[in-house]
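Written below as structure tokens is the structure these notes are about.
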Amino acid sequence: MDNSAKPLPPIDALNRAFILNYTNDAARCISVMSTDEAVEALKDEPAHVLIQLFEKLNHGVADSILCALPEAQAASLLSQMDAGTSSALLSRMDEDLRDHYFSLMDERIARELKELSEYPADSAGRMMQTKVIAFNENTTVDETLTCLRNQKTQSLRYLYLLNNSMQLSGQVDLQRIALASGDQALSTLSLPVEFYIQALDMKDSAIEQIKKHHLEALPVVDIDFKLLGTIEGRGMIDALREDLVSNMQTMVGVSKEERALSSSWFAVKKRLPWLQVNLLTAFLAAAVVGMFEGTIAKYTALAILLPIAAGQSGNTGAQALAVTMRGLTLREITVRHWFRVLSKEAGAGLLNGLATALTCGLGVFLWSRSYGLSLIIALAMISSMTIAAVSGALVPIVLKRIGQDPALSSSIILTTITDIAGFMSFLGIATLLSGMLAAS
């Protein structure tokens with residue numbers, strides 16, 4: 001018989017039921033245990049039980065227990081838990097240990113977690129210290145002191161408090177803890193956190209807050225207000241130094257390497273490849289127009305309306321691209337969400353296309369008095385704007401999936417697609433429905 005089908009011993013069954021039904025209380029109990037005791041209590045629990053518990057454990061406790069669990073169990077746990085929680089745990093590890101866990105995971109999951117564990121160069125997340133001590137606000141003073149002794153914490157002035165949803169809810173000075181009674185909850189000693197910053201905010205904002213309010217540390221949270229780390233005063237000084245160098249590198253150049261006094265040859269090497277790519281895409285769009293040269297020559301009104309079709313297609317694609325890029329950058333979506341994103345953009349493109357088609361068709365009819373031309377431009381609007389919206393979402397996701405930087409080349413690729421979609425839709429439909437046009 002499979003061991004998993006055997007009934008649990010009574011004490012193990014009670015422990016599991018306690019964790020599943022009273023997760024917050026279980027997390028507080030685990031927090032006051034030594035790491036060895038906690039591992040002994042949890043090492044035989046299945047992943048779904050540990051996932052629920054780890055989402056409620058304090059930062060330092062969760063880190064210690066995870067690193068002490070058997071490697072295979074820890075890697076499996078990191079692979080199955082929520083990507084945000086997993087990436088936060090990984091970001092607090094030493095680089096060698098983090099890479100070791102990545103090597104034990106499925107390649108696709110490891111790549112996604114690796115991306116989520118890293119922050120853009122100019123973000124507050126890149127500056128923060130992830131070794132942060134935080135406790136549930138309902139933890140008592142005695143439990144807190146026991147946990148701090150187990151973690152052998154040093155150089156600590158105050159603690160951050162989290163609510164039951166693991167969101168930052170306050171902070172408390174260690175001096176207040178030392179003077180409080182043992183059964184007093186930390187929430188009764190808490191002070192509000194007046195200043196904080198999101199991990200993906202620009203680091204300039206963090207520097208400005210620290211300087212303006214003379215802060216020793218600034219908490220860093222994610223979009224769900226969960227604590228990720230802190231930015232210390234020393235980190236601010238390092239960031240200022242990096243800013244000075246970065247500003248000098250990027251102020252007048254098209255790349256960080258190019259400077260105002262770089263040689264002309266160096267500037268050409270950095271800029272010319274992208275100019276050549278732009279030229280190639282322009283030829284592709286021109287080739288599409290050339291395919292319908294006969295139609296345009298016969299119906300000259302098409303040439304007048306051609307920029308409208310291409311322009312609306314380009315704007316639609318740019319909107320979808322901006323929203324998708326923002327989602328990828330802020331980690332609101334990953335490559336896994338491609339179908340949902342494409343479905344949403346396809347629907348938005350179709351509805352916008354229908355609305356625009358009515359307005360544009362009416363305007364063209366008032367100008368040309370041609371039902372055929374009005375129908376053609378309306379149909380072109382619907383098809384080209386739907387294609388452009390889908391493309392605007394698909395291009396950055398595909399580039400991300402194949403390991404390329406979407407910010408670097410998405411706009412060039414999208415411009416080509418939207419131009420071709422606009423020209424092909426308008427001129428193709430015009431060719432098919434040429435019988436409804438009057439030659440001019």
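The values are calculated or read from the model by the stated rules, or taken from the named source; none is laboratory data. Being a predicted model, the structure only gives us computed values, none of them experimental. Here the Cβ positions follow ideal geometry from the backbone for every residue, glycine too, while neighbour counts run over all protein chains shown. With ligands, DNA and RNA removed, areas are computed over all heavy atoms of the protein, side chains included. Shrake-Rupley method; radii C 1.70, N 1.55, O 1.52, S 1.80 Å.
Sort 388-397, 138-147 by packing, meaning the average of other beta carbons within 10 Å per residue, with the highest value first.
Going by the mean number of other Cβ atoms within 10 Å, highest first, we get 388-397, 138-147.
Using each residue's phi in the range 24-40, evaluate 6.51 cos²θ - 1.76 cosθ + 1.60 at θ = phi - 60° and report the 3J(HN,Hα) Karplus result to the nearest Hz, with x for Gly and Pro.
Coupling constants for the range 24-40: 5, 5, 5, 5, 5, 5, 5, 5, 8, 7, 6, 4, 4, 5, 5, 5, 4 Hz.
Under 14 Å from the Cβ of V193, count the other residues' Cβ atoms, weight Lys and Arg +1, Asp and Glu -1, and hand me the total.
Values: positive: K226; negative: E137, D173, E194, E216.
Residues close to V193 contribute a combined charge of -3.
Only loop residues by DSSP count here, and only those with at most 14 other Cβ atoms within 10 Å; note down the trypsin sites (Lys or Arg not before Pro) in the range 90-141 that meet that.
K131
What do you get for GluC sites (Glu not before Pro) in the range 56-139 restricted to DSSP loop and a cutoff of at most 16 other Cβ within 10 Å of the site's Cβ? Could the numbers behind the result be given before it?
Details: sites: E71, E95, E107, E112, E115, E118, E137; in loops: E118, E137.
Qualifying residues, ordered by number: E118.
By how many nm would the segment from H213 to K344 grow when fully extended, if each residue of separation counts as 0.36 nm and the alpha-carbon distance is taken off?
Working it through step by step, the gained length comes to 42.9 nm.
Express the carbon and sulfur contribution to the solvent-accessible surface of the chain as a percent, rounded to the nearest whole number, probe 1.4 angstrom.
Numbers: 13610 of 23420 Å².
Of the solvent-accessible surface of the chain, carbon and sulfur hold 58 percent.
May I ask you to derive the relative contact order of the chain, considering only C-alpha pairs under 8 Å and at least 6 residues apart, and to give it as an integer percent?
This gives 11 percent for the chain.
How large is the charge dipole for the chain, taken about the Cα centre, if only the Cβ atoms of Lys, Arg (+1) and Asp, Glu (-1) carry charge, to the nearest 20 debye?
On the way: 36 positive and 45 negative charges, 347 e Å.
So the magnitude is around 1660 debye.
Report, to the nearest 10°, how far helix 95-104 tilts away from the longest principal axis of the Cα atoms in the chain, using its own Cα long axis and a range of 0 to 90°.
Taking the Cα atoms of the chain, the angle to 95-104 is about 70 degrees.
Taking 0.36 nm per intervening residue step and subtracting the Cα-Cα distance, what contour gain separates H337 from V193 on full extension?
Once the chain is fully extended between H337 and V193, it gains 48.4 nm.
By a straight-distance test (C-alpha under 12 Å), which aspartates and glutamates pair with K211 as possible cross-link partners, with residues fewer than eight away in the same chain excluded?
E232
Counting heavy atoms of the protein chains only and a 1.4 Å probe, report the per residue accessible area for the chain as a whole number of Å².
53
Between 0 and 90 degrees, rounded to the nearest ten: what's the tilt of helix 141-151 against the longest Cα principal axis of the chain?
Roughly 80 degrees, rounded to the nearest 10.
Looking at (i) 20.2; (ii) 37.4; (iii) 30.3, which value of mean projected area of the Cα convex hull in nm² comes from a calculation on the structure shown?
Of the listed options (i) 20.2; (ii) 37.4; (iii) 30.3, (iii) comes from this structure.
How far is helix 59-68 tilted off the main Cα axis of the chain, in degrees rounded to 10, range 0 to 90?
Result, in degrees: 80.
Using +1 at the C-beta of Lys and Arg and -1 at the C-beta of Asp and Glu, which of T359, L321, I376 has the Cα lying farthest in the positive direction of the dipole of the range 288-440?
Toward the positive end, the furthest listed residue is L321.
Using amide H atoms built 1.01 Å from N in the peptide plane, name the residues 5+ places from S123, or on other chains, whose amide H lies under 5 Å from its own.
Answer set, sorted by chain and number: K203.
What residue among V61, A389, T416 has its Cα farthest toward the positive end of the dipole of the chain, where the charges are +1 on Lys, Arg and -1 on Asp, Glu, each on the Cβ?
Toward the positive end, the furthest listed residue is T416.
Kindly identify the range 88-134 as rounded, prolate or oblate by the Cα gyration tensor criterion: order the square roots of the eigenvalues as a ≥ b ≥ c, call it rounded if a/c is under 1.5, otherwise compare a/b with b/c, prolate if a/b is larger, else oblate.
oblate
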